[in-house]
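Accompanying notes for the structure given below.
Read-outs: derived from the displayed coordinates by stated rules, not from any lab. Remember, it's a predicted structure, so these values are computed and weren't measured experimentally. Reconstructed Cβ throughout: ideal geometry from the backbone, glycine too, with neighbour counts over all protein chains shown.
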Amino acid sequence: MSWRYGPSTVEHALPPGTARRAPEGERVRAGDVIARGATTTAVRVVDGARRVGVAPADLDRVLRVRPVVDVRRGAILARTGRRFARAASSPIDGRLLHVTVDGDLIVAPVSDEWSVGAAIDGTVTRSDDAAVAVSGECWSLAGIAAYGPDAIGELALASDGPSDPLAPGRIDVRLRGRILVGGSRVAAEAITRAHACGVAGVVAGAAPAAGLRSVYGDDVGASSRPSFGDMPTVLCLLGFGSAPLPGAVWDGLAAFAGERASIHVASSRLFVLAAPDRGPSHGPVQLIALAEDHASIRPTDDVRGPNVLTLDAER
C-alpha cells in the first residue's frame, strides 16, 4: 500500500432514469454534478404519432413537451391541426422520459430524484447512459472496502496516531462536511455519530464486521455498490477488525490534513486533490496477514508467512 500521484480515471455508474449528463470534454471539479435523474415507478405508454396522425419520424416536429420534462395530468404532449386539432395528452402527473422509434411517448411518476458528483478534478472522458468517467491528476490511495455513497470534503485528523481508534468523543458538529481520518479502527458508534454530526465520510485502517452489519444491515457487501441514499460513508484501508495504519500511509494522511479529498466507494479509493509536491514520497508496498481468528488483519514483513496478502495501490 502506498500513495500515488498521477493520472486517474474514475467511472461513476449511473442508475436508470438519467435526465442530464455532463458531455465529453467538459472540465469539472470534485463535487460538481455530472449526472442527474430520477427513480420512477409504473411506466405509462401514450399513443403519440398515431394519436396525432403523423409518421413516427415526424413526431418530433409536433411535440409540445421535450424529454425529460415534468408534466401534469392532461398536459398536451403533442398536437397537430388548428380548427380540427388532434392531440396526445399525459394521463398522469409525472415526467416525459422518452419517445420511442414507433412514436410512443413514455410517461412515469417520479418517486425520487438523484444526482452524481465528480470524485476528482478533471475532464469528462466518457458520458453515456451507463456511466460518466472523469480523468485527471491527483493523489490516490487504494483501500480494501468502502460503504455508503461517494463523499467529498476536507480531510481532518480525528485520531492521535496510526494505532489509535477513532473515538466517538472526538466527533462533533464542528467537523460537519469533512472526511475524518482515524487510526487503527472505527467502530459502529463512531460511524453513526459521524453521520449524525454531518461528517462527509470516515477513513480508517479497519472496521469490525459486526459493527458494519449493525450500520448497513446483513447484506454488507451491497453497500459497496453505487449508492444514492442517506447513509454514512466509510473507507477501510486495510480490512476488518482492527489494524494500525503503516507509518507512511499515516504520515501522508497527516500531511494532507486540510486538503480537499473524496472517497470513491465503487473502487474503494481515497483521492486527495493536492499539488504533486504537497504529499509524501512513494513508500513500499505493504504486506498484511490474516490474523489467527480470521476476524482481523495485521501488517507483516514476512513475505512467506501464512495468509499473507499484498495491498496493490494500482488496482
State the extension gain, in nm to one decimal, for the chain segment bounded by residue 218 and residue 45, taking 0.36 nm per residue of separation less the distance between their alpha-carbons.
58.5 nm
In nanometres, what is the gap between the two model label sites at residue 87 and residue 254, each 7 Å from Cα along Cα-to-Cβ?
7.1
If the label point is 7 Å along Cα→Cβ of residue 69, which residues in region 93-128 have backbone nitrogen under 11 Å from it?
96
Got a sec? How would 3, 114 order by Cβ neighbour count within 10 Å, fewest to most?
114, 3
Quick check: residue separation of residue 176 and residue 278 times 0.36 nm, minus the Cα distance between them. What number comes out in nm?
34.3 nm
